[in-house]
Each structure stands twice: as C-alpha cells, then as structure tokens.
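This report refers to the structure that appears directly beneath it.
The values are calculated or read from the model by the stated rules, or taken from the named source; none is laboratory data. All values reported here derive from a predicted model rather than from experimental measurement. Please note: Cβ atoms are built from the backbone with ideal geometry, for glycine as well, and neighbour counts cover all protein chains shown.
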Amino acid sequence: MNPQPFLRAFTAPAWLCAFSFLAAMVAVLQFSLRAYVPGSLDPGGFTFANFIDLLKPLYARVFFDTVVICFLTAVSTLIVGYPLAYALVRTQSAAIKSILLVIVVTPLFLGEVVRTYSWIIVLGNNGFINSILLNLGIIRQPVQFMFTTFGVVVALVHVTMPVMVIMLAAGLSHIDRDYQRAAESLGAGPIRVFLTVTLPLSMPGVVAGVTTAFAWTFSAFATPQLIGGGRVNMISNLVYQLGFASFNFPFAASLCVAGLALTIVVLSGLRLASRRLENIGPH
C-alpha cells in the first residue's frame, strides 16, 4: 500500500497552519511599510520611516533590554532546572520522581496571568518574601522586588522552567551510564565525573533548553507588563502601547518585524556558538 496519500492527509493541518502563519507575517510586513496617519486607523502610503525610527535610543534600549532579560532568564532557568532534571532522571524512588514531575509540570496548567498575579503576591512590598524577612528582623523596610528586572526574570524563570527541565531530562536520559562507571573505576570522584562526563554529554539538551527558553521569553507580555509595571519594558509591551494606546499600528507592525528578525539573528548566533558543544562526547 502506498503511504503517500495518508502522509499528505496527516500533514495537511501542518501545511495549513504554516500557510496561515506566512500569510499573517506578509500582512504584518506590508503594514509595517505604511505611514501612520494621526487620528485615523487607516494607514498611509508606503514608507521606510518606521524602520528608521527604530534606531532612536528609546526603542533601541527596549530591544537591548529584551535581549538581556531573555538571556538572564535562559541562564537562570538552566541553573535552577539542571538539578531538577538530573534528580528526575537519576532518582530510583517513584514517589520522589512523581513529586518532582508535579513541581516541574504544574506551571503548564496555570494561565500566564494567574502565574504572574501569584508572583505579585510573593514579590510585593507586603508579599510573602518581605513579610518573612521583616518578621525575622533581617530587613527594616521592604525590599523592592516589584517593577525591577530581577522580579521580571524570577517570574519568567517560573514560566520557562517546564520546557527547560523536559529538554534537559531528555538529554540526560540518553547518557550511557557505562561512561560514568568507567570514570569512577579510574578514580574520579562524583564532582569530577559530573564535570568531565555528565555535563559535557548533556550539552545537546543544554543548548536546546537555552535556545528554546530564550525564544519562549522573547514574546512574553503579561509577566513584564504586570511585574515590570511600565518600568521594565520588553518588545511585546512596546508593541501593545503603540498599537492599542497610540493606535500607531504601522510602527507597532515594524516593531514586530524587527523583533522577529532580532530573534532569528540571536538564535542563529547561539546556534553557531554552541555547535561545538553539541559535538562533545564519544562518537
């Protein structure tokens, strides 16, 4: 039986989604090349002024801050998620594995707004963390976590944690234990085994997790909007402000196009820089 007809039928939804996405991007691109007419929702003629205006320090700063926040989020998620993924793969206890799996997967079942409001309760001046520190006498006045880059990164780490742990666990689960046993038989201690065998062999999962976390964070909106409170802006927040507050849809569209282009460039750079890391290990 020729499987080709079934293959076409099964891939038809994917092709439809890809075509719809491409059509939407073409519409955004042509809208970004139109002039903004104040007081009107209809765009003007074709122009490149929107992309020229992106070079202004105000907008360039938002692009820079977005890349920095995405990078900090990806690295922080890796640092927090690696021990969880390692324990999830290596533990022999079914109960511990179930608890870790629940901890890791739970954020996926919560809406972004719900997660963000939960962090507002935790990070607020009268929130959970400040209340404990004040009651213990460690601080005399609340620490400002809200409306800071630190608070935004902490909340975004919670959002990207499931994806990072799943990818790291997949990479760790494919490591042959015989390499670790060989290192131990040669006198290597647990730390040296981890640094010379486990960590290098898990690099494909690390690279995949970091790049995915970076791209995932780049389009974040609700978290920087609520935690940042207008003081910490990312590209998506600027698009919202220009599109729905100022009704400058052409310039908002140019921000979307520039943001997509920047994401592709940064991810391509990360891919090239990490290509050697993915090839570490025995072949």
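Listed values, structure above:
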{"read-out": "Filter result (assigned to a loop (DSSP other than H, G, I, E, B) and either crowded, with 22+ Cβ neighbours inside 10 Å or among the charged types (D, E, K, R) (or both)) within the range 221-231", "value": "231"}
{"read-out": "Single match in 76, 32 (criterion: among the small types (Gly, Ala, Ser), surrounded by 14 or more Cβ atoms within 10 Å (Cβ to Cβ) and modelled with pLDDT under 85)", "value": "32"}
{"read-out": "Subset of the range 159-195 (residues that are more than 17 Å from residue 82 (Cβ to Cβ), hydrophobic (A, V, I, L, M, F, W, C) and surrounded by 14 or more Cβ atoms within 10 Å (Cβ to Cβ))", "value": "159, 183, 188"}
{"read-out": "Count of residues meeting criterion [small (Gly, Ala, Ser) and at pLDDT 85 or above] in the range 35-66", "value": "1"}
{"read-out": "The range 87-106: number of residues that are assigned to a helix (DSSP H, G or I) and surrounded by fewer than 18 Cβ atoms within 10 Å (Cβ to Cβ)", "value": "13"}
{"read-out": "Unique residue being modelled with pLDDT under 80, farther than 28 Å from residue 111 by Cβ, exposed (fewer than 15 other Cβ atoms within 10 Å of the Cβ) and under 20 Å from the mean Cα position of the chain (by Cα) when the list is 261, 273", "value": "273"}
{"read-out": "Any hit, the range 211-220, residues being assigned to a helix (DSSP H, G or I) and more than 22 Å from residue 272 (Cα to Cα)", "value": "no"}
{"read-out": "Pick from the range 153-188, criterion over 26 Å from residue 100 (Cβ atoms) and outside any loop (DSSP other than H, G, I, E, B), ranking: farthest from the chain's Cα centre (by Cα)", "value": "185"}
{"read-out": "Selected residue [under 19 Å from residue 236 (Cα atoms) and in contact with a Gly (Cβ under 8 Å, 6 or more places away or on another chain)] from 66, 77, 116", "value": "66"}
{"read-out": "Those residues of the range 112-142 which are assigned to a loop (DSSP other than H, G, I, E, B), surrounded by fewer than 16 Cβ atoms within 10 Å (Cβ to Cβ) and touching a helix residue (DSSP H, G or I) at 6+ places or on another chain (Cβ under 7 Å), in sequence order", "value": "139"}
{"read-out": "Residue, modelled with the lowest pLDDT, within the range 1-22, restricted to residues that are closer than 29 Å to residue 257 by Cβ and either of a type in the set (S, T, N, Q) or surrounded by fewer than 10 Cβ atoms within 10 Å (Cβ to Cβ) (or both)", "value": "11"}
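Listed here are the residues, each with its yes/no results for (1) in a helix (DSSP H, G or I); (2) more than 30 Å from residue 203 (Cβ to Cβ); (3) among the hydroxyl-bearing types (Ser, Thr, Tyr); (4) free of Cβ contacts under 8 Å to residues at least 24 places away in the same chain.
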position	(1), (2), (3), (4)
13	yes, yes, no, yes
16	yes, yes, no, yes
31	yes, yes, no, no
38	no, yes, no, yes
52	yes, yes, no, yes
55	no, yes, no, yes
58	yes, yes, no, yes
83	yes, no, no, yes
